[in-house]
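Chemist: Let me begin by handing over the structure; questions about it come next.
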Amino acid sequence: MTMSSKFLVERFYNEVWNNADDDVAREILTTDFRFRGSLGPEHRGQEGFIEYMRSIHTALANYTCVIEDLVITEDRVAARMTFKGLHQASFFGVEATGREVAWVGTAFFRMRDDRISELWVLGDIDSVKQQLGIVPGDL
């Protein structure tokens, strides 16, 4: 692989997610990119992912993904992550609280042809709901 998997994942979080850069997303994701985030259903294609990313940035101002740890093979990467943002719009059905929410998660990437072809994310959604004041059983 010409472009390292580590470099792709770092660009994915630092440029695509943290800066909401659609152009970089289109550059580093395959056209048939498959994304399953912990906050919603599976999305396919670059535009499906970009729409999802935009919805998260709408709900959470200054949304940031911090890479805590990476495990890398030739065509796969696993990342331990911290996600955070300022709750500024409806999120999980809760109107803006103005508070920062943060949670941890893991992300599993698959690479193909020097691009990211698949991503599956598992995050601590219960923690997010607790921070938003959702009582277990409400949603």
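Chemist: Can you say what percent of the DSSP beta bridges in the chain, counting only those with both residues inside, are antiparallel? Round to 5.
Modeler: The antiparallel proportion sits near 90 percent.
Chemist: So what's the angle, to the nearest 10 degrees on a 0 to 90 scale, between helix 45-59 and the longest Cα principal axis of the chain?
Modeler: For helix 45-59, the angle is close to 30 degrees.
Chemist: Let me ask another. In what order do 74, 100 fall by count of nearby beta-carbon atoms within 10 Å, going from fewest to most? Before the final figure, lay out each step's value.
Modeler: On the way: 74 9, 100 13.
Lowest count first: 74, 100.
Chemist: For residue 39, which sequence-distant residues (separation of 5 or more, or a different chain) have an amide H within less than 5 Å of its own amide H, given hydrogens modelled in the peptide plane?
Modeler: none
Chemist: Ok, one more. So how strong a dipole does the chain carry about its Cα centre when Lys and Arg Cβ are +1 and Asp and Glu Cβ are -1, to the nearest 20 debye?
Modeler: On the way: 15 positive and 22 negative charges, 39 e Å.
Charge dipole of the chain: 180 debye, to the nearest 20.
Chemist: Can you pull the one-decimal nm distance between simple spin-label points at residue 82 and residue 112, each 7 Å off the Cα toward Cβ?
Modeler: So the two model labels end up 3.5 nm from each other.
Chemist: If you don't mind, there's one more thing I want to ask. Quick check: the distance between the Cα centres of the range 67-139 and the range 33-53, to the nearest angstrom?
Modeler: Each part reduced to its Cα centre gives a spacing of 13 Å.
Chemist: Kindly state, to the nearest 0.05, the FRET efficiency for residue 69 paired with residue 97, given R0 = 25 Å and r defined as their beta-carbon distance.
Modeler: Details: r = 30 Å, r/R0 = 1.19.
Plugging the Cβ-Cβ distance into 1/(1 + (r/R0)^6) gives 0.25.
Bear in mind these aren't lab numbers, they're just calculated from the coordinates by the rules spelled out. The structure displayed is predicted, hence computed values, not measured ones. Neighbour counts run over all protein chains shown; Cβ positions are idealised from the backbone, glycine included.
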